[in-house]
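Working notes, beginning with the structure itself.
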């Protein structure tokens, strides 16, 4: 792992307002291990990085790629939109209809 990734993991955790204890509990690892990861002293697996990205609600690329992190906010949003569209295209027609129903309900303030 790189110093960049360790720093980004720490920043992402702080951005979602989790303490090290809370994040470690959710990741099912010890606080000591998380401290080591954020200090770039412990290695992490690919699966761990994926779980951190889910927990912190960030794109995996934000944790791993310096060039991605240096992109403008507009470009990052564009990349997320493209990823979302690709995932959406893989859904069944029924799932797409369900998504639109939820969005309409949310806009109407019903959920």
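Just so it is clear, none of the values below were taken in a lab; they were calculated from the coordinates. Only a predicted model underlies this, so the values are computations on that prediction, with no experimental measurement involved. With ideal geometry, Cβ positions are generated from the backbone for all residues, glycine too; neighbour counts draw on all protein chains shown.
Computed from label points 7 Å out along Cα-Cβ, the spacing between residue 82 and residue 59 is 0.8 nm. Between the Cα long axis of helix 73-89 and the first principal axis of the chain there is an angle of about 60°, rounded to the nearest 10.
The long axis of helix 93-107 is offset from the longest Cα principal axis of the chain by roughly 90 degrees. From its DSSP helices (H runs of at least four residues, each -39,500 (n - 2.57)), the chain gives a residue-normalised ellipticity at 222 nm of -21500 deg cm²/dmol. Between the helical axis of 3-15 and the longest alpha-carbon principal axis of the chain there is an angle of about 60 degrees.
Within the listed set 50, 34, 91, the residue fluctuating most in the Gaussian network model of the chain (springs between alpha-carbon atoms under 10 angstrom) is 91.
GNM on the chain, alpha-carbon springs under 10 angstrom: the most fluctuating residue among 54, 28, 94 is 94. Were the residues from residue 46 through residue 21 laid out at 0.36 nm apart, the gain over their Cα-Cα distance would be 6.9 nm.
The chain gives an Rg/Rh value of 1.06, both radii derived from C-alpha positions and Rh following Kirkwood.
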